[in-house]
Amino acid sequence: MKIAVSAAGGSLDSPVDPRFGRCQYFIIVDTETMSFEAVQNMSADSMSGAGIQAAQDMAGRGVGAVITGNIGPNAYQVLSSAGIRILIGASGTVREAVEMFKRGQLQDATIPGSPGFGPGSGRGRGFGTGMGRSMGRFFPQPYQQAPVSRPMQATFSSREEEILMLERQMDFLQQQLNQIKKRLKELKGANQESSQSE
């Protein structure tokens, strides 16, 4: 299996970089042979959308999993839409992180900022891992979304791969729009009920 590890340098003995979108390198490792390729992260210094660009680059390189310290919600969505497994909490060297992956010692990432992410008792779909007091009702801020047009600088090996990635991003954005519409409807309904009772 081909996996990508966010790294501070270009070798298996480089430290894992806890940042996904802003890491200096991705070390793409074949877990069977431990052969690797060091790929410089061209989006590390981007003004915005670094996580999305890095995620698109890794998806375009056909990796089956990504190992990093932490990951943002936009990069998470791009990778998960591409069917790429996301593992967080890695530390030590790239080689050690790959060994931890092989032994099943890394944690699968959950959706950052997803509805209900936290210990709340609401109707959210979170995993109860605790990231605040959202009471199950937190909705992602659409205004924090990086522009979609800017990250299209990632390289793809074919037009078909780029089309597939764009279609997946479009599906994700449609899901976000549906969540926003649903929440607006709930809020407007609550406003009408409270104004009628006054």
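The values are calculated or read from the model by the stated rules, or taken from the named source; none is laboratory data. Predicted, not measured: the structure shown is a model, and the values here were computed from it. Positions of Cβ are generated from backbone atoms using ideal geometry, with glycine treated the same way; all protein chains shown enter the neighbour counts.
Among (1) touching a Gly at 6+ places or on another chain (Cβ under 7 Å); (2) touching a residue at least 24 places away in the same chain (Cβ under 8 Å); (3) surrounded by fewer than 19 Cβ atoms within 10 Å (Cβ to Cβ), there is one condition ALA90 misses while meeting the rest; what is its number?
Every condition holds for ALA90 apart from (3).
Can you confirm whether MET58 is closer than 16 Å to MET1 by Cα, surrounded by fewer than 23 Cβ atoms within 10 Å (Cβ to Cβ) and in contact (Cβ under 8 Å) with a residue 12 or more places away in the chain?
Working: closer than 16 Å to MET1 by Cα: yes; surrounded by fewer than 23 Cβ atoms within 10 Å (Cβ to Cβ): no; in contact (Cβ under 8 Å) with a residue 12 or more places away in the chain: yes.
Here the answer is no, as MET58 does not meet what is asked.
Does THR93 meet the test of being hydroxyl-bearing (Ser, Thr, Tyr), touching a Pro at 6+ places or on another chain (Cβ under 9 Å) and modelled with pLDDT of 90 or more?
Working: hydroxyl-bearing (Ser, Thr, Tyr): yes; touching a Pro at 6+ places or on another chain (Cβ under 9 Å): yes; modelled with pLDDT of 90 or more: yes.
So THR93 passes the test.
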